[in-house]
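*Asks:* Dropping the structure in here first, questions after.
The values are calculated or read from the model by the stated rules, or taken from the named source; none is laboratory data. For clarity, every value in this text was computed on a predicted model and none was experimentally measured. Because the Cβ atoms are built from the backbone with ideal geometry, glycine has one as well, and the counts that use them run over all protein chains shown. Only protein heavy atoms, including side chains, enter the accessible area calculation; ligands, DNA and RNA are left aside. Shrake-Rupley method; radii C 1.70, N 1.55, O 1.52, S 1.80 Å.
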Amino acid sequence: MRLFTASTLAIALLSVNAMAAEDNAFQHEASVGYLTNSDEMGDGILGVNYRYYVNPVEQNTSPYALNGFLAQESNIGALYTNFDDKNIDTVGVDGTYVFDSNWFVGLNYQRNSIGNVDLNTYGVELGYYINDNTSFSAFFDDGTDDNAEESYGLTIRRYLELDSTPGIDLSANWLHADSENNYTLGADWYVSNSWSVGSGYTRDSDDGDFDIRTAYWLRISDDFSANFAVSKIINGDIDGVGLGIALTGRF
């Protein structure tokens, strides 16, 4: 009986939130979240992010998690992460300018504190929006310290719209760093604007791993949403399940 009552309450809560929340356009997005593994719940990563878009971004025409990507608008952002178990703190800023010609250029800077060692890294990205749903770019990252590794690569992202459901988010990435090549492929099917299920493949010079994942964007009010994510790497050497939770505000 308690299970029935809890399930009914959860369904009612989702229904009320879905009806109450208005999908208004936004220019400010701020979030605080926590990423961890089910085997070591207390050893996760705390993150705080903020992003400002020069022009309003609509969130009622595409999956909530993809609104920023599909808007193709100039923006600036800042982040802070803390990985207490490894004594790592990171602060960073970034910005992307989108030209009328659909070309875009991005710059980023990060300061990583690992114990008593500070590492400063910077990066540049040059890309082009092929159409309303596709981007292609090249990037380069380096640092001002001897321990910083130079890296560069290519990335392509395509949102494929579907008739019966919102669509599929496809991505591919090549990264060259430390004389090695790394490849990443991803596909996330959006069952609705809130819920996605997907998988990915990552390969380096030694091995490759598949993962499966799902995520849900729960609208709480006009301005706030809760984000949940679960993932699992299909590898006998890696235990546990990846878990993520965040609170996002859009204004």
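*Asks:* What is the chain's relative contact order, in percent, from Cα pairs under 8 angstrom and six or more apart in sequence?
*Replies:* Relative contact order for the chain comes out at 16 percent.
*Asks:* Mind putting a number on the dipole of the chain about its Cα centre? Charges go on the C-beta only, +1 for Lys and Arg and -1 for Asp and Glu, and I need it in Debye to the nearest 20.
*Replies:* 1060
*Asks:* Per residue, how many Å² of accessible area does the chain show with a 1.4 Å probe?
*Replies:* About 59 Å² of surface per residue is accessible.
*Asks:* If I model a spin label as a point 7 Å beyond the Cα along the Cα-Cβ vector, how far apart are those points for D206 and K232 in nm?
*Replies:* Each label point lies 7 Å from its Cα, and together they span 2.5 nm.
*Asks:* Hey, any idea what Rg/Rh is for the stretch 41-173, computing Rh the Kirkwood way over Cα pairs?
*Replies:* With Rh from the inverse mean 1/r over Cα pairs, Rg/Rh is 1.01.
*Asks:* Using a 7 Å offset from the Cα along the Cα-to-Cβ direction at both R111 and I168, what is the distance between the two label points in nm, to one decimal?
*Replies:* 4.4
*Asks:* Counting Lys and Arg as +1 and Asp and Glu as -1, each charge on the Cβ, what is the dipole of the stretch 86-221 about the Cα centre in debye, to the nearest 20?
*Replies:* Once rounded to the nearest 20, the dipole reads 640 debye.
*Asks:* Can you bin the stretch 94-251 into rounded, prolate or oblate? Criterion: square roots of the alpha carbon gyration tensor eigenvalues sorted a ≥ b ≥ c, rounded for a/c under 1.5, prolate for a/b above b/c, oblate for the rest.
*Replies:* Rounded.
*Asks:* Over the chain, with a Gaussian network built from C-alpha contacts below 10 Å, which listed residue (T90, T36, T144) shows the highest mean-square fluctuation?
*Replies:* T144
*Asks:* Of the candidates N102, N116, N173, which one comes out as most mobile in a Gaussian network treatment of the chain with C-alpha springs shorter than 10 Å?
*Replies:* The residue that fluctuates most here is N116.
*Asks:* So, with a 1.4 angstrom probe, what is the percent of accessible area on the chain that is carbon and sulfur?
*Replies:* 58
*Asks:* Right, something else. Tell me, what is the Rg over Rh of the stretch 105-178, with Rh the Kirkwood radius over Cα pairs?
*Replies:* With Rh from the inverse mean 1/r over Cα pairs, Rg/Rh is 1.14.
*Asks:* Over 17 Å apart: what share of the alpha carbon pairs of the stretch 51-119 falls there, rounded to a whole percent?
*Replies:* Above the 17 Å cut-off, the stretch 51-119 has 56 percent of its Cα pairs.
*Asks:* Once every DSSP H run of n ≥ 4 in the chain is given -39500 (n - 2.57) and the sum is divided by its residues, what mean residue ellipticity at 222 nm do you get, rounded to the nearest 500 deg cm²/dmol?
*Replies:* Only helices count here, giving -3000 deg cm²/dmol.
*Asks:* Something else: With r defined as the distance between the Cβ atoms of N120 and D178 and R0 fixed at 22 Å, what FRET efficiency is calculated, to the nearest 0.05?
*Replies:* 0.75
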